[in-house]
Amino acid sequence: MALQGREELGEQVEESEDLDDQDASSISPAEEITLPPGPGGDEDPEEALLLPWDRFSTWLHCICVVGFDLELGQAVEVRGQPAHVKLHCSTKKKSLSYICYLSFPDSNSGCLGDTQFCFRFRQGSNRKSSLGCFLETTDRDAPPCLKREQGHYYGYVYFRQVRDKSLKRGYFQKSLVLISKMPYVTFFHSLLKIMAPEYFEKQEPCLEAACNDIDRWPTPHPGRILTLPIMGVVIKLKESLSVFQSDSQVSIVLPTIHEVDLFRCFYPVFFHIQMLWELVLLGEALVVMAPSPAESSDTVLALVSCISPLRYCSDFRPYFTIHDSEFKEYTTRTQAPPSVILGVTNPFFAKTLQHWPHIIRIGDMKQAGRYNFY
């Protein structure tokens, strides 16, 4: 396990090429040791051949802590990831920049207290990891909505902002971010509710303990009941829509790992829900303007999932900022908007995207120009 500070991370950025740049040839055969069975039940024979920290890598790519520096702005302070891939799995400078900007709210709402949301960004290059064959096997039987992302990463964020007079800025601002290819929105948000408060109180040793717990988890398999211990708490789940009865040894029971609350998300636009379903089904360009990243990301994820069991095959960004690499592509007026669903919070987008054909306005962002609001 490697917990890297900002200086060490900065040295590695220049050498790396991609967030998923793993090289199996860099690991010697002597390191192929057998790990003890995870706590989720009988071990799959294939899992007995996994390397140390391979179990961690089937769930997460890395864990980032993003803070605010008065001179640098948002900056990655700590990044936790498997030690044996740290030289081959380092994040490209651009990807680090995306993570930094996407991990903080980009609006005037203030977001005092704790806020959870998620974002999605493109993978720099499609290089296969050393777990490629194993992941293809475990992913093969998964339903479309639970398949691992091939060209994108998800970022699951727990952001805390509280007043602190001891700091020059007057506020404590920090995000704990889980980077993964798994679209397990409900699960990772629940995981962050356990990890983040402990981290903000106990700092880095807490993250290292959490990473060690995750590396003892069984690998995710469709339909299998999983019991996952994390920081003294046990999560029980199944990669399906089944609900389980709680028992004395399970602290948290999750009935689903990926679904968002459709009724809560669509409540502001409930009378237009059929039209929205048709627009998503047709792959129309949609932008969700909301006062907070939590509302924008939840609404975008609800739109994508409302056509389930069909898989939404176009691009979608639950939380999109002006620093994204596709900003110019999506805001140009020289061509029709692409087939994408964007979630935005910056009022700047009200004017920049006013030429888009379909805009969903949630909350009290100020109106500017004419829009097809729903």
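Just to verify a result, which residue in the range 334-349, among those that are without any contact (Cβ under 8 Å) to a residue 40 or more places away in the chain and part of a loop (DSSP other than H, G, I, E, B), is surrounded by the most Cβ atoms within 10 Å (Cβ to Cβ)? The residue in question is GLN335. Is it the case that some residue within the range 76-83 is outside any loop (DSSP other than H, G, I, E, B) and at pLDDT 80 or above? Checked the range 76-83: at least one residue is outside any loop (DSSP other than H, G, I, E, B) and at pLDDT 80 or above. Comparison of LEU286, LEU342, LEU301 shows that the only residue that is more than 16 Å from the chain's Cα centre (by Cα) and not charged (D, E, K, R) is LEU286.
All conditions in (1) modelled with pLDDT under 95; (2) among the hydrophobic types (A, V, I, L, M, F, W, C); (3) closer than 27 Å to TYR156 by Cβ hold for ALA336, with the sole exception of (3). With respect to the conditions (1) acidic (Asp, Glu); (2) more than 25 Å from PHE159 (Cβ to Cβ); (3) modelled with pLDDT of 90 or more, GLU329 lacks only one, and its number is (3). For the residues THR299, THR352, THR321, THR331, the requirement of being more than 18 Å from LEU262 (Cβ to Cβ), touching a residue at least 12 places away in the same chain (Cβ under 8 Å), in contact with a strand residue (DSSP E or B) (Cβ under 8 Å, 6 or more places away or on another chain) and surrounded by 14 or more Cβ atoms within 10 Å (Cβ to Cβ) singles out THR321.
Residues in the range 217-229 that are closer than 18 Å to LEU192 by Cα and surrounded by fewer than 20 Cβ atoms within 10 Å (Cβ to Cβ): THR227, PRO229.
The values are calculated or read from the model by the stated rules, or taken from the named source; none is laboratory data. Quick caveat, the model's predicted, so the values are computed rather than measured. Note that we place each Cβ from the backbone using ideal geometry, even for glycine, and neighbour counts take in every protein chain shown.
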